[in-house]
Structure formats: structure tokens, C-alpha cells
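Reviewing the structure listed below.
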Amino acid sequence: MVLPLKKFQLSEEVTSQAIPMLSDRQFVVDKTKLSLEEDKLQRELFWYREELFKIVQGRWREVGLLLDDLLFVGADNPG
């Protein structure tokens, strides 16, 4: 599968933001120490992935899938 996407670039301001934590704890200690380059790469990958999630959408059908008492049928089985 190929997804054509327009090229985009995030600003340094966006990619340098800290990755949000899902924890309510006040202080989180990293278990592994990353180099500055590795940390920067991790942040860039996170923020580009988040931006892609805003752009890419998908839909699919599965033939004969029964879900919550509704029958979803595919193109091969229009019934």
C-alpha cells in the first residue's frame, strides 16, 4: 500500500518540545540516559508521528464481520 503525502516540515520550536507524559506523577526519572542527539531524534520522531496521525485517515470493510449485533459486509457480499 502506498500513501501519497505532501512533504511537510515541522519547525524547530515544535520538534524541540518535550514529549508529553501520560503519568500524573510530579517527577519522572528516565530509566535510560540518552545522548543529546538521541533525545533530539526521539522528540522529532514523536512530533512527526503525531502530525502524520492528524493527516492520515483510513477506512476498511471486513466481509461478514459481526460486531454489536450489526453485520458489516464487504463489496464481495453486498447482502
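Every number here is computed from the coordinates shown, using simple stated rules; none is lab data. As the structure is a computational prediction, the values presented were derived from the model and not from experiment.
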- Message: Taking 0.36 nm per residue of sequence separation and subtracting the Cα-Cα distance, how much length would be gained by fully extending the chain between GLN17 and LEU3, in nm to one decimal?
- Response: 2.3 nm
- Task: Note the full-extension length gain between THR32 and LYS54 as 0.36 nm times their separation in residues minus their Cα-Cα distance, in nm to one decimal.
- Result: 4.9 nm
